[in-house]
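Trainee: Have a look at the structure that comes next, please.
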Amino acid sequence: VSFWFTPADIIGLGLIRFLAGLLFIAWLLPFAGQVQAVFGLQGWFDAQAYTEAAGLQAIGASRLGDPTRLSEVTLKPASWSILYLCAANPTALEAAYWVSLAIVALFTLGFWTRLTALASWLVVASFTASPVTNYEGDTLLAILAFYLMVGYLLLGQRQKDLPLTQRLFGSAPAWLFRRPLDHSPLTASHRSVGANLALRLLQIHLAIVFVTSGLHKLQFGDWWAGLALWYPVFPPFGTTLDQIRSHAPHAMSYLTILSIGAYAILAWQIGFPLFAWRPRLRVVLLGGAAIGWLGTAFLFKMPIVGPAILIGCLSFLTPTEWHRIAGWLTVVPGLAKLLPAPVPETGQ
Amino acid sequence: MARIRSTPADLPRWLVVAGSILIVCHLIAVASAVLATVSGPWVTFEGPSLSPPPSFARAINDVSGRYYLKNLKLGDNYHFASNAPGPPGVFVEVRLKDASGQLLKTIRIPDARTNPSVRYWQALVVQGLAPDQLVPPPAGESVAAPRKTLETIPIWDPGEGGTLTIHRVPEHLIPRDRPAVYRPTEWSLVLARSISRYLCRVHGAASAEFLRHTRESYHPALWFMEDVQPGAFNELVASYGEMPK
């Protein structure tokens, strides 16, 4: 019970919100100018394709166990998206995109967080709904957005003297600007069961994701052989046979390094629950996440996955650790004014 | 200054119990989505085979996945495609033509001129075109019902210059003289048609010839081989044919 229902300083939830919000913006912004093509019903995946894909989902569900139909079975299930309401109207879709960006920006900055958390989750869920792509970046963004929404919906709801506007919309702003907050009932220097619950759910869910992904890798012989990283190092259309053969004199050194890397990934993912909740092993948690960011960005060319993993891992930090980091950040000019003060351990 | 009054002590017991039940149900739903997944292919006496998910997980996920996780966008099973090492390299070439069949423009996807995020999105889209399906040899002869025709399936046939082309054949006429017969996935056909329609609309073309270029991943064994079979890593071009606007 204490794991889930102990009130926690909301600094962790606030900083995760800020970092995740920046990530949501960095993910959405590059689609400016491509909104119709990527999300429109006259785009790459048009209304007719949606109809045809819906038929395939039904086929896929009935072919479970048939190895020749595996690709149909693994199709991403069709789901809701608020974009479908306006995807046929280019102007409305464009407007929805920019409004979505504005909502996420407000959430990131901490304005009306109860409302903008819910809206940001709707935005992330809607923009990741397309069945055309199915990759871990979308999955991790959806997880982050969902638990942040849970946290901000619950935050402060048991406070009896909360004004109705704040009960409905949340505080404005919640974290980023400290001075206005000092006069608000919902300041960063508070503890909340909701904040703790949301972060605990996020932690458990991420642990399930990492362990499952690690165990899934073991279904492939190249991971057991330590060769899995060889393939992204030498991509088929980015490398020639001669280039690969030129490395042959150092083959054993290469393979040794790559196999150590592959097994380090497996160990980090499968062993994740063993170190994630231990403050003494933060270097393993955050070091692994940081290396993972570099690896996914430069080796696998995935722009969003690395930062999403790192932000997810930061959710394991305790309020004390967050305040320590905040203390380090005060050396940055101007930042001291934005950071919250620590909560005394005896605070209710 | 007002404080959030929420400690374990002042949380009503019913709230803790209700919250605990909700948490447990939520995590069971997430875990069942993970477990309710086909696994494999595993080595069996009948050859490589996928194994079905455990029945209990499938039973739970049939309900929780469909009505709960799917709507929260948390229904993933975390068996990420990127976990499979060595996917083939893929890019698409679309030749847009006018009504008279004259080439208007050739477009390559992923487009190197777009920003990295959109380019990565495009790469993910065309990656969905890459896997072909193995077509099992026909078990016997099929006979069409009265006033009905036999179902045909699209298979890849080697065409001019080694380019694969789609050829529709009745199921009982699937070639038996080849080591393996492959077909494009239904998903890739949907995708190819949709992308072609979009590019035709945007560029005012009447039709689009859709070509998929793939190359198998290189294998580390290349470092230890004296000679590599010529053409082993040649680019394979597969034509989805001419798609109308």
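The values are calculated or read from the model by the stated rules, or taken from the named source; none is laboratory data. Computed from a predicted model, the values in this text were never measured in an experiment. Cβ: placed from backbone, ideal geometry, glycine included. Neighbour counts: every protein chain shown.
Trainee: I need the helices (runs of 4 or more DSSP H) fully contained in the range A:209-302, keeping only those with at least 1 residues that are away from chain B (no Cβ under 14 Å). Step through it out loud before you land on a result.
Mentor: Details: elements: A:221-224, A:230-233, A:241-246, A:251-270, A:272-275, A:282-294.
In the range A:209-302, the matching helices (runs of 4 or more DSSP H) lie at A:251-270, A:272-275, A:282-294.
Trainee: Residues being surrounded by 22 or more Cβ atoms within 10 Å (Cβ to Cβ) and of a type in the set (F, W, Y): count how many of those fall in the range A:12-53.
Mentor: Result for the range A:12-53: 4.
Trainee: If you don't mind, there's one more thing I want to ask. For the range B:169-245, please list each of the strands (runs of 3 or more DSSP E) lying entirely inside it that holds at least 1 residues being among the basic types (K, R) and in contact (Cβ under 8 Å) with a residue 60 or more places away in the chain.
Mentor: Values: elements: B:181-184, B:207-215, B:236-244.
Ranges flagged: B:207-215.
Trainee: Looking at B:R193, B:R215, B:R197, B:R168 in this structure, which one is more than 11 Å from chain A (Cβ to nearest Cβ) and either touching a strand residue (DSSP E or B) at 6+ places or on another chain (Cβ under 9 Å) or not small (G, A, S) (or both)? It would help to see each step written out before you state the result.
Mentor: Values: B:R193 fails: more than 11 Å from chain A (Cβ to nearest Cβ); B:R215 fails: more than 11 Å from chain A (Cβ to nearest Cβ); B:R197 fails: more than 11 Å from chain A (Cβ to nearest Cβ).
None of the others qualify; the one that does is B:R168.
Trainee: So which residues in the range B:73-83 are among the aliphatic types (A, V, I, L, M) and either more than 7 Å from chain A (Cβ to nearest Cβ) or buried (at least 17 other Cβ atoms within 10 Å of the Cβ) (or both)? Reasoning before the result, please.
Mentor: Filtering the range B:73-83 down to residues among the aliphatic types (A, V, I, L, M) leaves B:74, B:81.
Scanning the range B:73-83 gives a single hit, B:L74.
For every residue, the table says whether it meets (1) over 27 Å from B:R193 (Cβ atoms); (2) within 9 Å of another protein chain (Cβ to nearest Cβ); (3) small (G, A, S); (4) not in a helix (DSSP H, G or I).
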{"residue": "B:D62", "(1), (2), (3), (4)": "yes, no, no, no"}
{"residue": "B:R66", "(1), (2), (3), (4)": "yes, yes, no, no"}
{"residue": "B:N71", "(1), (2), (3), (4)": "yes, yes, no, no"}
{"residue": "B:F91", "(1), (2), (3), (4)": "no, yes, no, yes"}
{"residue": "B:V94", "(1), (2), (3), (4)": "no, no, no, yes"}
{"residue": "B:G101", "(1), (2), (3), (4)": "no, no, yes, yes"}
{"residue": "B:I107", "(1), (2), (3), (4)": "no, no, no, yes"}
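Trainee: I've got another one for you. Among the residues that make up the range B:1-11, is at least one of them out of contact with any Asp or Glu (no Cβ under 6 Å at 6 or more places or on another chain) and part of a strand (DSSP E or B)?
Mentor: Within the range B:1-11, not a single residue is out of contact with any Asp or Glu (no Cβ under 6 Å at 6 or more places or on another chain) and part of a strand (DSSP E or B).
Trainee: Still on this model: Checking the condition modelled with pLDDT under 90 and over 28 Å from A:D9 (Cβ atoms), which residue from A:L181, A:L227, A:L241 passes?
Mentor: Values: A:L181 fails: over 28 Å from A:D9 (Cβ atoms); A:L227 fails: modelled with pLDDT under 90.
Exactly one of A:L181, A:L227, A:L241 is modelled with pLDDT under 90 and over 28 Å from A:D9 (Cβ atoms), namely A:L241.
Trainee: Sticking with this one: Let me confirm something: among B:P136, B:P220, B:P184, B:P158, which residue is surrounded by 15 or more Cβ atoms within 10 Å (Cβ to Cβ) and over 30 Å from A:L41 (Cβ atoms)? Talk me through it step by step, then tell me what you get.
Mentor: Details: B:P136 fails: surrounded by 15 or more Cβ atoms within 10 Å (Cβ to Cβ); B:P184 fails: over 30 Å from A:L41 (Cβ atoms); B:P158 fails: surrounded by 15 or more Cβ atoms within 10 Å (Cβ to Cβ).
When all the criteria are applied, what remains is B:P220.
Trainee: Next question, about the same structure. Give the residue that is nearest to the chain's Cα centre (by Cα), with candidates limited to residues of the range A:303-315 that are outside any helix (DSSP H, G or I) and within 11 Å of chain B (Cβ to nearest Cβ).
Mentor: Residues of the range A:303-315 outside any helix (DSSP H, G or I): A:303-304, A:315.
The next check asks that each one be within 11 Å of chain B (Cβ to nearest Cβ); those that pass are A:303-304.
Working: A:P303: 12, A:I304: 8 Å.
Residue satisfying both the conditions and the ranking: A:I304.
Trainee: I need the full set of residues from the range B:9-25 which are within 7 Å of chain A (Cβ to nearest Cβ) and either farther than 29 Å from A:L140 by Cβ or under 33 Å from the mean Cα position of the chain (by Cα) (or both), in order please.
Mentor: B:L11, B:V16
Trainee: Follow-up question, since we're still on this one. Within the range A:123-171, track down each residue that is within 30 Å of B:S188 (Cβ to Cβ) and acidic (D, E).
Mentor: If the condition is that a residue be within 30 Å of B:S188 (Cβ to Cβ) and acidic (D, E), then A:E136, A:D138 are the ones that fit.
Trainee: Let me ask another. Just checking, which of B:A99, B:A112 is exposed (fewer than 11 other Cβ atoms within 10 Å of the Cβ) and touching a helix residue (DSSP H, G or I) at 6+ places or on another chain (Cβ under 8 Å)?
Mentor: Values: B:A99 fails: touching a helix residue (DSSP H, G or I) at 6+ places or on another chain (Cβ under 8 Å).
Checking each option against the conditions leaves just B:A112.
Trainee: Report yes if some residue within the range B:4-16 is crowded, with 20+ Cβ neighbours inside 10 Å, in contact with a helix residue (DSSP H, G or I) (Cβ under 6 Å, 6 or more places away or on another chain), among the small types (G, A, S) and in contact (Cβ under 8 Å) with a residue 12 or more places away in the chain; otherwise report no.
Mentor: Here is the first cut: in the range B:4-16, the residues crowded, with 20+ Cβ neighbours inside 10 Å are B:4, B:6.
When the remaining residues are screened for being in contact with a helix residue (DSSP H, G or I) (Cβ under 6 Å, 6 or more places away or on another chain), the result is B:6.
Now restrict to residues that are among the small types (G, A, S): B:6.
Pick out the ones that are also in contact (Cβ under 8 Å) with a residue 12 or more places away in the chain and you get none.
No: zero hits.
Trainee: Search the range B:189-213 for residues being buried (at least 22 other Cβ atoms within 10 Å of the Cβ) and of a type in the set (S, T, Y), and hand back the single one that is farthest from A:Q48 (Cα to Cα).
Mentor: Filtering first and then ranking leaves B:S196.
Trainee: How do the pairs read when you match residues in the range A:299-325 that are farther than 25 Å from A:H190 by Cβ with residues anywhere that are hydroxyl-bearing (S, T, Y) and surrounded by 22 or more Cβ atoms within 10 Å (Cβ to Cβ), using Cβ under 7 Å and keeping only pairs 6 or more apart or on different chains?
Mentor: A:M302/A:T296; A:V305/A:T296; A:G306/A:T296
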